[in-house]
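Here the structure is laid out as structure tokens; the discussion comes afterwards.
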Amino acid sequence: MSVQVIILLVFPLLGAFVSFFTRPAKYSFIGTALSMLVVAIYTVCLLGTDFQERIDFEWIPSVNVGWHLDRLALLLIALVATISLLVHIFSITYMEKDEARHRYFAFLGFFCFSMIGLLVADHLILVFVFWELVGFSSYLLIGFWWQQEENAFAARYAFITNRIADVALFSGILWMIQGIGIGSLSQLQSASELPLVVSLLLVIGAFGKSAQGPFFTWLPRAMAGPTPVSALIHAATMVAAGVYLLIRLSPVLAADVQLIVAIIGGLTALIAAISALTSYDIKGVLAYSTISQLGYMVMGVGTGAPEASFFHLWTHAFFKAGLFLSVGAVIHYMHYIGHHKLAQDMRAMGGIRKQLPIVFYGYTICMLALAGLPFFTGFLSKEAIILQTIVWAQDYQIGFLLPFVALLTAFLTAFYMFRQWLYVFFGQYRGEHLAYHFIEEAPLKIPVILLAVGSIFFWYTWNPIGRDFAFLGYAIGEYPMNGAYGWLTPVSILLAVGGAAFGYYRYHGLKDQKESVEVIRDEFDRSRKGILSLSFNAFFVDWFYTRVLSVAFIAFCKRLFIFDKKWIDGFINAVGVFTVLVSKAADLIDKILVDGIVNLLAGLQVWIGNMIRLFHASRVQLHFFWAVILLVLVVIGFEIF
Amino acid sequence: MTELMTYGAYLSAGLFCTGLLIAVIKQNAIFVLIGLELILNAANLNLVIFSTNDPSLQGQIAGIFIVVVGACEAATALAILLLVYKQYNSSNVKDLNRLKY
């Protein structure tokens with residue numbers, strides 16, 4: 001363990017401890033926020049000096065595990081620490097009413113510790129340990145308001161879904177270490193391609209954490225946690241851990257598995273985007289959009305551009321955290337005016353831009369970035385991935401479907417983001433309680449502003465629609481940005497603008513109070529039946545899991561229980577009864593035979609003793625008699641011999 | 001061996017056996033004492049009889065001494081018996097199975 005790794009790991013943990021024991025709870029943010037500040041500054045300094053390191057140490061004899069700090073890890077640590085710091089600042093106001101703030105900040109600090117551990121871990125066993133810790137802290141934070149049953153259920157749901165994927169991941173890791181002899185991520189560069197099954201297992205694990213494919217249902221449910229948690233964990237950092245692992249593994253994944261990864265990524269991106277179309281939950285829309293964007297990243301890895309995926313991960317973290325924090329401010333406002341029941345329902349909002357102007361601008365910038373419009377970072381990174389899918393598609397017969405899906409998703413993304421934008425911020429307030437003036441406090445504003453500024457293009461390139469990213473070159477090495485397919489730029493701009501325009505056309509009625517009622521009712525009716533019900537119910541996957549799979553499983557368990565009760569318990573009881581009978585018989589034998597012999601011997605002794613006693617009873621005459629007899633015997637003896 | 005000696009030996013043996021029988025069978029301590037006296041005197045009789053041919057008559061003199069000692073012994077024994085009777089209220093040897101009370 002070098003000093004650098006120790007500093008990066010110990011500070012967040014220490015911060016978590018300090019936060020947990022800080023009283024009054026009002027000041028408990030200080031511990032973790034300070035530790036995050038330290039880590040962020042320290043990481044930036046390490047990046048500035050181009051620090052790289054790899055440490056091995058013997059864990060158990062003949063098994064070396066290790067840590068590494070390379071650019072990718074350091075960049076992601078910087079990202080985690082920065083966003084976490086902003087989230088902490090935001091939480092000061094957001095959690096001001098909560099009694100258990102010290103617990104909240106301690107959990108956040110613990111999460112940051114686990115996440116940084118995951119990023120600095122080089123050996124896959126260490127990666128897995130922190131992977132589980134990250135999942136556990138996510139569980140703690142989703143269920144932070146466990147007093148409501150559905151929140152606790154969501155936490156369990158997310159935890160179990162992740163565990164199912166982790167079984168695959170762990171078996172993959174063990175197989176890799178034992179069967180192939182590679183345990184460290186840094187050894188992968190020089191390794192040959194992994195066998196099909198191993199790559200598949202590892203990829204399934206990554207899918208679980210990144211909510212891809214069949215595992216995507218846990219992420220919308222994870223929105224039960226506090227909104228800043230959603231911003232940090234379920235949008236910007238933790239869910240990206242799966243993508244991070246895929247990026248690390250991408251040099252050695254089997255070709256067939258890469259194809260699967262690309263297809264699953266594309267499908268998930270599309271399905272999540274469609275599911276976001278009809279969601280009324282203000283956080284649900286963002287959750288589905290997160291899944292969709294993670295789908296893009298996975299698609300990027302699958303098509304052979306992990307660099308582009310990393311770039312998208314990076315930019316996505318900023319604008320998605322910004323979106324979640326803006327939405328958190330909106331929810332905070334809804335609670336502030338007393339709208340606790342429908343605080344997350346977009347139908348009850350409207351016109352909030354007048355109450356939260358700064359948040360509105362922050363949200364708008366981040367939303368434009370997510371929608372993939374030029375001049376914002378989302379456009380740059382999404383373009384890189386779509387470009388790669390086109391290059392990749394040349395090798396497959398119906399490969400053009402993937403870029404098509406990617407472009408369609410981009411269109412839908414712009415559409416549903418404009419829908420949410422109009423729903424939340426425009427028109428008149430539609431809730432029951434009166435809207436009144438609300439002061440945007442600094443802790444609410446500043447993180448949103450900073451994240452919005454981070455979502456503008458000039459951080460990465462001076463050309464808003466250009467394709468050369470110095471950032472990528474610095475992070476992971478040269479990225480072969482293809483100059484070909486120049487038609488893509490206008491097409492993707494057109495699609496994003498088209499989606500935005502269609503969204504505006506569809507929902508501009510929300511600006512008017514009377515019309516908005518009709519629009520909402522119309523949409524609500526339509527999403528209930530027909531093809532849109534697929535979107536409204538997220539393709540019934542969650543319904544299938546909770547209503548069919550788990551019900552069937554519970555029924556199966558009940559059957560097993562009956563079987564247990566009837567046959568296994570019966571067998572065990574029979575064995576018990578038989579044992580009792582045998583014991584009784586043994587008892588009888590003991591009593592009669594063994595005790596009998598012992599008693600017989602003892603009785604014999606008593607009898608002999610009694611007989612002997614007769615000779616020397618306490619009677620003078622008897623003694624005298626025997627003495628005479630003995631004398632006679634002695635005399636006779638003398639006579640004979 | 002004279003006739004006197006033969007019959008004397010028979011007599012003393014008879015006396016001895018009688019004394020022994022009384023000492024063993026009788027339950028009264030006084031009778032036991034009488035039995036013992038008989039045994040003693042049977043032995044004494046032997047001394048007297050077998051010293052008839054002895055000119056120095058040592059046996060008969062010893063017999064006189066023994067009678068004296070026997071009298072002393074009887075007196076002592078009777079005194080003890082008197083005390084025992086006082087103590088136990090009984091002179092039955094069956095009851096006298098404790099030396100300490």
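The values are calculated or read from the model by the stated rules, or taken from the named source; none is laboratory data. All of these numbers come straight from a predicted model, not from anything done at the bench. Please note: Cβ atoms are built from the backbone with ideal geometry, for glycine as well, and neighbour counts cover all protein chains shown.
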**Fill in**
Note on region A:455-472: residues at pLDDT 75 or above and either surrounded by 18 or more Cβ atoms within 10 Å (Cβ to Cβ) or not in a helix (DSSP H, G or I) (or both) are A:Ser455, A:Ile456, A:Phe457, A:Tyr460, A:Thr461, A:Trp462, A:Asn463, A:Pro464, A:Ile465
**Request:** Could you grab me the full set of residues in region A:165-180 that are touching a helix residue (DSSP H, G or I) at 6+ places or on another chain (Cβ under 8 Å) and surrounded by fewer than 16 Cβ atoms within 10 Å (Cβ to Cβ)?
**Result:** A:Gly179, A:Ile180
**Only listed residue being away from chain B (no Cβ under 14 Å) and surrounded by 11 or more Cβ atoms within 10 Å (Cβ to Cβ), chosen from A:Asn537, A:Asn573, A:Asn610** = A:Asn537
**The lone exception for B:Tyr101 - which of (1) at pLDDT 90 or above; (2) not in a helix (DSSP H, G or I) it fails** = (1)
**Prompt:** Taking region A:323-367 as the search range and keeping residues that are part of a helix (DSSP H, G or I) and basic (Lys, Arg), which one is nearest to the chain's Cα centre (by Cα)?
**Reply:** A:Arg347
**Asked** If we scan region A:32-42, do we find a residue that is more than 23 Å from A:Phe105 (Cβ to Cβ), surrounded by 14 or more Cβ atoms within 10 Å (Cβ to Cβ) and out of contact with any helix residue (DSSP H, G or I) (no Cβ under 6 Å at 6 or more places or on another chain)?
**Response** no
**Request:** Tally the residues that are of a type in the set (A, V, I, L, M), crowded, with 16+ Cβ neighbours inside 10 Å, over 29 Å from the mean Cα position of the chain (by Cα) and assigned to a helix (DSSP H, G or I), restricting the search to region A:404-442.
**Result:** 1
**Request:** Take A:Tyr396 and decide whether it is at pLDDT below 90 and more than 25 Å from A:Ser309 (Cβ to Cβ).
**Result:** no
**Item:** Only listed residue being out of contact with any Leu (no Cβ under 7 Å at 6 or more places or on another chain), part of a helix (DSSP H, G or I), within 14 Å of chain B (Cβ to nearest Cβ) and surrounded by 10 or more Cβ atoms within 10 Å (Cβ to Cβ), chosen from A:Leu600, A:Leu593, A:Leu622
**Value:** A:Leu622
**Request:** Determine whether B:Asn46 is under 11 Å from the mean Cα position of the chain (by Cα), more than 20 Å from A:Trp626 (Cα to Cα), among the polar types (S, T, N, Q) and in a helix (DSSP H, G or I).
**Result:** no
**Asked** Residues in region B:68-83: is at least one touching a residue at least 12 places away in the same chain (Cβ under 8 Å), among the aliphatic types (A, V, I, L, M) and away from chain A (no Cβ under 14 Å)?
**Response** yes
**Request:** Could you tell me whether B:Ser56 is among the polar types (S, T, N, Q) and in contact with a Phe, Trp or Tyr (Cβ under 6 Å, 6 or more places away or on another chain)?
**Result:** no
**Item:** Residues satisfying the stated conditions in region A:519-575, i.e. part of a helix (DSSP H, G or I), of a type in the set (Val, Ile, Thr) and within 30 Å of A:Arg419 (Cβ to Cβ)
**Value:** A:Val519, A:Ile520, A:Val541, A:Thr546
**Message:** Being modelled with pLDDT under 75, closer than 30 Å to A:Ser91 by Cβ and either crowded, with 19+ Cβ neighbours inside 10 Å or β-branched (Val, Ile, Thr) (or both) narrows it down to one residue among A:Ala475, A:Ala452; which is it?
**Reply:** A:Ala475
**Message:** I'd like the full set of residues that are at the interface with another protein chain (Cβ under 10 Å from one of its Cβ atoms) and either in contact with a His (Cβ under 9 Å, 6 or more places away or on another chain) or touching a residue at least 40 places away in the same chain (Cβ under 8 Å) (or both), limited to region B:7-35.
**Reply:** B:Gln27, B:Ala29, B:Val32
**Item:** Residues of region A:179-203 classified as under 27 Å from A:Met238 (Cβ atoms), part of a loop (DSSP other than H, G, I, E, B) and hydroxyl-bearing (Ser, Thr, Tyr), total
**Value:** 0
